[in-house]
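What follows is a short report on a single structure.
The values are calculated or read from the model by the stated rules, or taken from the named source; none is laboratory data. Bear in mind the structure is a predicted one, so any value in this text is a computation, not a measurement. Cβ placement follows ideal geometry from the backbone for every residue including glycine, while neighbour counts extend to all protein chains displayed. For accessibility, only protein heavy atoms count, side chains too; no ligands or nucleic acids. Shrake-Rupley method; radii C 1.70, N 1.55, O 1.52, S 1.80 Å.
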Amino acid sequence: MGKVYVPHRVVIRDASGKIVSDEEFDDFDAAKPAFDSKEALPGMEVAIQHGARVIFKKFR
């Protein structure tokens, strides 16, 4: 079975873990600047993911 394409995503979750924002990008190089520009508000978490796998995460 071959590899399946999954996008890189910048995901913002609230304190309960519910996704409040989910942006898709074709590759890491496109997603990283978007991740860097997001600020985690109190109780929220910002993550850059490849599919479901979390690569980086920041939170308050």
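In terms of solvent-accessible area of protein heavy atoms at a 1.4 angstrom probe, what is the ranking of VAL20, VAL6, VAL11, highest value first? Walk me through the numbers on the way to the answer.
Details: VAL20 80, VAL6 55, VAL11 0 Å².
I get VAL20, VAL6, VAL11, largest accessible area first.
According to a simple spin-label model (label point 7 Å from Cα along Cα-to-Cβ), what is the distance in nm between PHE56 and GLU39?
For GLU39 paired with PHE56, the spin-label model returns 1.7 nm.
Where a ≥ b ≥ c are the square roots of the eigenvalues of the C-alpha gyration tensor, would you call the range 1-55 rounded, which needs a/c under 1.5, or, failing that, prolate if a/b is larger than b/c, or oblate?
On the way: a/c = 3.02, a/b = 1.64, b/c = 1.85.
Oblate is the answer for the range 1-55, as a/c is 1.5 or above yet b/c matches or exceeds a/b.
For ALA30 and SER16, compute 0.36 nm times the residue count separating them, minus their Cα-Cα distance, and round to one decimal in nm.
On the way: separation 14, 0.36 × 14 = 5.04 nm, distance 2.78 nm.
Working it through step by step, the gained length comes to 2.3 nm.
Under a Cβ-Cβ cut-off of 11 Å, what is the net charge of the residues other than GLU39 that fall near it, where Lys and Arg count +1 and Asp and Glu count -1? Don't skip to the end; give the middle numbers.
Values: positive: LYS38, LYS58, ARG60; negative: ASP36.
In short, +2.
In the chain, which GluC sites (Glu not before Pro) are in a loop and have at most 12 other Cβ atoms within 10 Å, using DSSP for the loop call?
Numbers: sites: GLU23, GLU24, GLU39, GLU45; in loops: GLU39.
Of the GluC sites (Glu not before Pro), the ones in loops of the chain whose Cβ has at most 12 other Cβ atoms within 10 Å are GLU39.
Whenever you get a sec, compute what percent of the accessible area on the chain sits on carbon and sulfur atoms (1.4 Å probe).
Working: 2340 of 4170 Å².
Result for the chain: 56 percent of the exposed heavy-atom area is carbon or sulfur.
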